[in-house]
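Take a look at the structure set out below.
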Amino acid sequence: MQLNPWETIDIKDYDELFEKFGLERIKLIPELKKNVLFRRGIVFAHRDLDKFMAALAKKEKTSILTGLMPSGPMHLGHKMVVDQCVFWQDLGVKTRVLVADIEARLTRGLSREDAQRIAVDEYLVNWIALGLDPKKSDIYAQSNRSIPYYDLAATFSGRITLAEMNAIYGDLSPGKITSSLIQSSDIIHGQLPEYDGPHHVLVPVGVDQDPHMRMTRGLAEKEGFIKPSSTYHRFMTGLDGGKMSSSRPASFIALNDPPEVAVKKAGAVLTGGRNTVEEQRKLGGQPDKCVVFELETYHFMPDDKELADLRRKCEKGEIMCGECKQILKERMRKFFVDLGKKREKARKTVEKLSIFR
Ligand code: TRP
Ligand code: SF4
């Protein structure tokens with residue numbers, strides 16, 4: 001198995017990743033228990049998160065950084081990173097969010113204009129609607145940063161060989177090489193004297209991005225920076241049973257879907273229900289194989305007691321899938337209506353940010 005940041009990968013066995021790539025398991029210290037993503041194992045692995053938490057506890061300088069790739073619709077599988085950023089932001093950690101528009105051009109063939117339009121309409125308005133506070137954040141585009149930032153990417157290119165990069169990423173193209181080195185600079189440049197100087201940086205991402213973390217941590221060490229930490233979340237199951245992915249429209253619920261569309265899609269997902277009502281009363285449903293339950297777990301049922309209650313009722317055959325879906329659909333309808341309203345406000349905010357040159 002190899003993790004590939006540019007292809008849709010469907011991970012069958014998350015446990016394999018610990019051994020194979022040296023990811024670490026999350027220790028649920030009290031500070032992390034406060035967050036639903038950590039508590040529920042949605043964020044399931046990390047590198048050096050303990051070091052970041054120690055720095056945070058000592059009130060040392062810290063920041064988080066993550067990026068969005070403006071190549072298609074933003075969907076529910078992208079929301080966990082935003083939720084995590086909002087958690088850190090509320091703890092007072094400085095947040096950096098970048099638009100990976102260079103990467104979208106080089107690896108997805110988008111025009112500059114399309115990448116920027118998608119970044120605003122699909123991502124930034126939703127990020128802000130979901131709670132990212134631009135006043136507490138540094139939001140930038142890869143195509144519109146500073147000379148020290150590009151210079152750092154150039155420095156990194158001289159500190160690694162093609163063979164070393166192939167060992168991490170597999171097959172590469174010049175565009176992928178450039179994107180990766182710029183991503184390393186995304187992650188490290190906050191430590192430059194022109195920015196905030198040396199400090200602990202945490203990068204919340206999907207586990208497909210781990211190759212970038214491996215390369216960046218190596219480069220950081222060679223250049224005398226503090227090695228960045230990372231957390232990894234699980235992928236969501238798509239509506240068609242594979243990974244939820246913006247390259248397969250049949251798989252995702254987009255954040256920009258009108259409420260009735262989102263709700264309709266949720267009504268059609270695979271459940272862990274049995275073939276007949278009698279069977280389900282007798283055997284119970286299977287919440288761990290159920291996309292309805294997954295949607296509740298990841299996004300729509302933040303109350304742990306409520307979720308535990310749903311699991312119990314499902315497993316005992318006390319609730320049928322029809323009724324269960326109705327509960328989800330009602331929650332989703334509210335969420336999507338509310339998000340739409342917040343997005344309108346967010347649009348005005350984004351327009352004032354002047355992220356692109
Ligand atoms: N490669 C990331 C993606 O495909 C986007 C990205 C660019 C990023 N730079 C980053 C993510 C730095 C985290 C940190 O989604
Ligand atoms: Fe899924 Fe709900 Fe059916 Fe259980 S009752 S299998 S949680 S839809």
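The values are calculated or read from the model by the stated rules, or taken from the named source; none is laboratory data. Small disclaimer: the values here were computed from a predicted structure and weren't measured. Don't worry about glycine lacking a Cβ; one is built from the backbone with ideal geometry, like all the others, and counts go over all protein chains shown. Heads up: the accessible areas ignore ligands, DNA and RNA and are worked out on the full protein's heavy atoms, side chains in. Shrake-Rupley method; radii C 1.70, N 1.55, O 1.52, S 1.80 Å.
The figures follow:
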{"item": "DSSP bridge orientation in the stretch 1-105 - percent antiparallel, rounded to nearest 5", "result": "25"}
{"item": "Additional length obtainable on full extension of the chain from Arg357 to Glu194, 0.36 nm per residue less Cα span", "result": "56.7 nm"}
{"item": "Exposure of Val291 as accessible area (Å², to 10), given a probe of 1.4 Å and all protein chains", "result": "10"}
{"item": "Karplus-derived HN-Hα couplings along the stretch 202-218 (A = 6.51, B = -1.76, C = 1.60, θ = phi - 60°), whole Hz, x at Gly and Pro", "result": "10, 10, x, 8, x, 5, 5, 8, 4, x, 4, 5, 4, 5, 5, 5, x"}
{"item": "The chain pair-distance distribution - Cα-Cα, 20 Å bins, rounded %", "result": "29, 58, 13, 0"}
{"item": "Amide hydrogen neighbours beyond the local backbone of His200, cut-off 5 Å, H modeled", "result": "Ser63"}
{"item": "Spatial separation of Cα centroids for the stretch 1-78 and the stretch 139-206, in angstrom", "result": "19"}
{"item": "Long-range HN-HN contacts of Phe252 with modeled amide H, under 5 Å", "result": "Leu239, Ser245"}
{"item": "Rounded Å value of the spacing that divides the Cα centres of the stretch 211-228 and the stretch 296-357", "result": "36"}
{"item": "For the chain, share of DSSP beta bridges that run antiparallel, in % to the nearest 5", "result": "30"}
{"item": "Shape category assigned to the stretch 215-300 from the gyration tensor of Cα positions, a/c cut at 1.5", "result": "prolate"}
{"item": "Length released on extending from Lys12 to Ser173, taking residue separation times 0.36 nm less the Cα-Cα span", "result": "55.2 nm"}
{"item": "Accessible area (Å², 1.4 Å probe, nearest 10) - Ile147", "result": "140"}
{"item": "Relative contact order %, the stretch 263-357, counting alpha carbon pairs below 8 Å whose residues are six or more apart", "result": "30"}
{"item": "Stretch gain in nm, segment Leu270-Arg248, where the contour uses 0.36 nm per residue and the Cα spacing is subtracted", "result": "6.2 nm"}
{"item": "For Asp138, distant residues with modelled amide H under 5 Å away", "result": "Thr95, Arg96, Val97"}
{"item": "Relative contact order (%) - the chain, alpha-carbon pairs under 8 angstrom, separation at least six", "result": "21"}
{"item": "Cα-based Rg and Dmax for the stretch 266-357, where Dmax is the largest Cα-Cα distance (Å)", "result": "17.8, 62"}
{"item": "All lysines inside 16 Å of Lys79 as judged from Cα atoms, apart from same-chain residues fewer than 8 positions distant", "result": "Lys243, Lys342"}
{"item": "Positive dipole terminus of the stretch 203-327, leading residue within Asn275, Ile327, Leu295 (C-beta point charges)", "result": "Asn275"}
{"item": "For the stretch 23-121: relative contact order, % (alpha-carbon pairs under 8 angstrom, 6 or more apart)", "result": "26"}
{"item": "Aspartates and glutamates whose Cα lies under 17 Å from that of Lys265, excluding same-chain neighbours fewer than 8 positions away", "result": "Asp240, Asp257, Glu294, Glu296, Glu323, Glu330"}
{"item": "Charge dipole magnitude, Cβ of K and R +1, D and E -1 - the stretch 1-135, Cα centre, debye nearest 20", "result": "600"}
